[in-house]
Amino acid sequence: MDFGMDATVELSSIGPGDVAWSPSAERIADARISDFIDWLQATGRFEATSYQSLWDWSVTSPEEFWASMKDYFGVRMTGVGPVLATREMPFTEWFPGRRLNYVDTVLSHAQSSRPAIIDDSEPGGAGPRTVSWTELARQVTALANWLRARGVGEGDCVVGYLPNVAEAVIAFLATASVGATWSCCGQDYQPEAVVDRLGQLQPVVLVTADGYRFGGREVDRLAALPALQAGMPTLREVLVVGRLHSGTSVPAGTTPWVEAVTGVGPAMTPAHVRFDHPLWVLFSSGTTGKPKGFVHGHGGVVLENLKALALHLDLGPSDTYLWYTSPSWMVWNSLVSGLLVGATIVCYDGSPSYPTDDALWALAARHKITVLGTSPAYLQACARAGRSPGTDHDLRRLRTLGATGSVVPPELHSWVADHIGRDVPLASVTGGTDVASGFAGFVPILPVRAGEITAPYLGVALDSWDADGRSLRDAVGELVVTQPMPSMPTRFWNDGDGTRYRETYFESYPGVWRHGDWVTITERNTVIVHGRSDSTLNRNGIRFGTADIYRVVEELPEVAEALVIGAEQQNGEYWMPLFVALSDHADLDDALRERIIGRIREAVSPRVVPDDVIVVRAIPHTRTGKKLEVPVKRILQGNDVSAVAEARSIDDPSLLETFARYAATRAANSPLQGA
């Protein structure tokens, strides 16, 4: 059975669609997915003749496939019942009658002698520290007992305002173990944005750090605590993690983290909950109002992450796993789920580019990371800076380099091969906060092609459809999923009858999930992602809503209205201009430009400071008053005005020509600096 291609690649000849990496026979034999294929045959479940045949079976026989996931990974469940009550979407019911807990699978690795967590930070921080599996279990038990003693359990929410540190992982696991629901925001979010999200959950406990480090600066967050408490009046307890100050010096009325995790206390047995019991709530970007809360169940997350991490990323107990991320992004949840497969995970509080622009590679070398994930933008920045990480750092242990968050341009594959290692695949992944998992990505027994994602994930009935619901090949269409996935949201938070959920994903194609990405699925079943078909901002994998920016920019008296666009460019770059229509007698001078940028940096996040601030005569709308974000985005990506919007639906169709001129000028003369 020949799943892969063992061939030498001539890098100078690589173009879009060409093979950039092929697995060796040894790598194919050692891959966890190969073991799974052998197990399927040995147990008489299915005989795969190719990855395509395995994928076909996984999406046409979802009951058999997901039962095999449970059994192959030994996921402990109690109760009896079918795999699926119905395949109909939305609100498919998985494993009704079964009970489990995410933490059970994590702590099944507690006898490992390797570290569970490595926690590191920028120079000047606490420095690297390790948390053994034994210590992880002890602290999770202690904090779970602390929560139980305060009446926290099923039906309650515990929230975090934390950097990517070990304490965030421990707080999540302790929360899940008592049957409560977790949610978290990174500390680059301002308090108002945090309350917009976490305040919806009416949390009873807040875990916050006193601050974080980024780019050589210490950012104190204790001053944000009164605003958070005022915005979340249901809080009964606040735990403070000491990152910048003494761990025992905390504001009055709060508890030091070290006090809550000291000691052992009664042995902890994670509470077994329904398969779909809320594990965590992840939030959308808030493009059209308050961010939507995606509720994901214990069981769906366990099965999807075991599949994605073990079978696709080929991650296991001997690996050290780092994906550079923030707790605001679902990739953090994927990083933490490395514990499900027994891997050592690395939490990093800091910038990937400080104190030097190759700091992430130094981190990978220091901790002998085997699977590393980052954004295409970071890889491009290293390439432009002339960096050669494989020469400058000891990356001999690095086996796989993952990339997600934006489109991966084909030329990055050659740079990775030349400057990191020819035996290191650039594993591009596409997925969503919505499903807390991936739709398509790396398959360790298949070749990687430049500019393409290797294949749809097992169990993901991925397709590309036109507006009439016809399947497309080698043409751009809407990313759809035609069969349910276990980690699809069980519901939206505060969406009692499911109306908002249905409108978001199932209005265009009833009974079929429409995700909001433009994709091409090729005849060989690889996937090319062209960017969002909606207006979500997605810079370096961190998603933000346009509404957050409008709120602060349009408060300025000089700004009548604003329009911000995140547009993926053909060369792989991500251009994020802010267009402003000014009030009478206002001018966009340097002072106003700095005030606009400063407001965004301070009130939203430094991550969404626009690349350009550009004056326009007015902002175009639909006749019902909605800003034309998606049509303008498509114009900035080079589409004709006539192809992106119906003139009769626009309040002033002539305004779109302004954006077309900007797009043409920028393409011809380098990035615009304004008008």
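The values are calculated or read from the model by the stated rules, or taken from the named source; none is laboratory data. Note that the structure is predicted; figures quoted are calculated from it, not measured. Every residue, glycine among them, receives a Cβ derived from its backbone with ideal geometry; neighbour counts consider all protein chains shown. Areas reflect the complete protein model, heavy atoms only, side chains present, ligands, DNA and RNA absent. Shrake-Rupley method; radii C 1.70, N 1.55, O 1.52, S 1.80 Å.
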- In the stretch 597-636, what count of residues is obtained for those that are at pLDDT 90 or above and either within 15 Å of THR536 (Cα to Cα) or of a type in the set (A, V, I, L, M) (or both)? 14
- Item | Verdict on ASP640 being more than 30 Å from GLY350 (Cα to Cα), surrounded by fewer than 12 Cβ atoms within 10 Å (Cβ to Cβ), charged (D, E, K, R) and modelled with pLDDT of 90 or more | no
- Taking into account only those residues within the stretch 60-84 that are free of Cβ contacts under 8 Å to residues at least 40 places away in the same chain and touching a Leu at 6+ places or on another chain (Cβ under 7 Å), which is least open to solvent (accessible area, probe 1.4 Å)? SER68
- Note on the structure: Okay, strands (runs of 3 or more DSSP E) sitting entirely in the stretch 85-191 with 2 or more residues that are buried (at least 21 other Cβ atoms within 10 Å of the Cβ), I get 115-121, 157-161, 181-185
- Query: Taking the condition more than 19 Å from ASP18 (Cα to Cα), surrounded by fewer than 19 Cβ atoms within 10 Å (Cβ to Cβ) and either at pLDDT 95 or above or of a type in the set (Lys, Arg) (or both), does ARG366 pass?
  - Reply: yes
- When PRO266 is evaluated against the numbered criteria (1) of a type outside the set (Ser, Thr, Tyr); (2) in a loop (DSSP other than H, G, I, E, B); (3) surrounded by 21 or more Cβ atoms within 10 Å (Cβ to Cβ), which criterion, by number, is the only one it fails? (3)
- Query: Which condition number in (1) touching a strand residue (DSSP E or B) at 6+ places or on another chain (Cβ under 8 Å); (2) in contact (Cβ under 8 Å) with a residue 60 or more places away in the chain; (3) open to solvent by 30 Å² or more (accessible area, probe 1.4 Å) is the one that ILE614 fails?
  - Reply: (3)
- Here are some residues: SER508, SER464, SER471. Which one is at pLDDT 95 or above, among the hydroxyl-bearing types (Ser, Thr, Tyr) and either open to solvent by 50 Å² or more (accessible area, probe 1.4 Å) or closer than 27 Å to LEU201 by Cβ (or both)? SER471
- Query: How many residues are in contact with a strand residue (DSSP E or B) (Cβ under 9 Å, 6 or more places away or on another chain) and open to solvent by less than 10 Å² (accessible area, probe 1.4 Å) if we restrict to the stretch 306-324?
  - Reply: 8
- Out of THR430, THR454, THR482, sole residue that is polar (S, T, N, Q), within 30 Å of ASN639 (Cβ to Cβ) and under 18 Å from the mean Cα position of the chain (by Cα): THR430
- Query: Within the stretch 594-608, which residues are of a type in the set (A, V, I, L, M, F, W, C) and crowded, with 18+ Cβ neighbours inside 10 Å?
  - Reply: ILE596, ILE600, VAL604, VAL608
- Residues of the stretch 181-231 that turn out to be within 18 Å of GLY155 (Cα to Cα), touching a residue at least 60 places away in the same chain (Cβ under 8 Å) and among the small types (Gly, Ala, Ser), as a count: 1
- Selected residue [touching a His at 6+ places or on another chain (Cβ under 9 Å) and at pLDDT 95 or above] from LEU395, LEU401, LEU339: LEU339
- Task: Looking at (1) part of a helix (DSSP H, G or I); (2) more than 14 Å from GLY459 (Cα to Cα); (3) in contact with a strand residue (DSSP E or B) (Cβ under 8 Å, 6 or more places away or on another chain), find the lone condition where LEU40 falls short.
- Result: (3)
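How about the stretch 207-226: which of its residues are over 26 Å from the mean Cα position of the chain (by Cα) and open to solvent by less than 50 Å² (accessible area, probe 1.4 Å)?
Residues satisfying the conditions are LEU222, LEU225.
Before we move on, is SER487 at pLDDT below 95 and under 28 Å from TYR324 (Cβ atoms)? Before you say what the answer is, go through the steps one by one.
On the way: at pLDDT below 95: no; under 28 Å from TYR324 (Cβ atoms): yes.
Here the answer is no, as SER487 does not meet what is asked.
For (1) of a type in the set (A, V, I, L, M); (2) on the phi < 0 side of the Ramachandran plot; (3) open to solvent by less than 10 Å² (accessible area, probe 1.4 Å), each residue gets a yes or a no:
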residue	(1), (2), (3)
ASP357	no, yes, no
LEU372	yes, yes, yes
GLU411	no, yes, no
ILE420	yes, yes, no
GLY451	no, no, no
- Item | Pick from the stretch 46-59, criterion within 27 Å of the chain's Cα centre (by Cα) and of a type outside the set (A, V, I, L, M), ranking: surrounded by the most Cβ atoms within 10 Å (Cβ to Cβ) | SER58
- Message: Can you find a residue that is open to solvent by less than 10 Å² (accessible area, probe 1.4 Å), among the acidic types (Asp, Glu) and closer than 23 Å to GLY211 by Cα anywhere in the stretch 334-354?
- Response: yes
- Task: Report yes if ARG524 is open to solvent by 10 Å² or more (accessible area, probe 1.4 Å), closer than 26 Å to PRO489 by Cβ and among the basic types (Lys, Arg), otherwise no.
- Result: no
- Message: Just the residues that are open to solvent by 30 Å² or more (accessible area, probe 1.4 Å) and part of a loop (DSSP other than H, G, I, E, B), please, taken from the stretch 227-238.
- Response: PRO233, THR234, LEU235, ARG236
- Query: Using beta carbons and a limit of 7 Å, which pairs, at least six apart or on different chains, have the first residue in the stretch 40-59 and on the phi > 0 side of the Ramachandran plot and the second one in a loop (DSSP other than H, G, I, E, B) and at pLDDT 95 or above?
  - Reply: none
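Every residue, every condition in (1) under 22 Å from VAL476 (Cβ atoms); (2) modelled with pLDDT under 80; (3) over 21 Å from the mean Cα position of the chain (by Cα); (4) surrounded by fewer than 17 Cβ atoms within 10 Å (Cβ to Cβ), yes or no:
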{"site": "ASN540", "(1), (2), (3), (4)": "no, yes, no, no"}
{"site": "TYR550", "(1), (2), (3), (4)": "no, no, yes, no"}
{"site": "GLU554", "(1), (2), (3), (4)": "no, no, yes, yes"}
{"site": "PRO557", "(1), (2), (3), (4)": "no, no, yes, yes"}
{"site": "GLY566", "(1), (2), (3), (4)": "yes, no, no, no"}
{"site": "PRO577", "(1), (2), (3), (4)": "no, no, yes, no"}
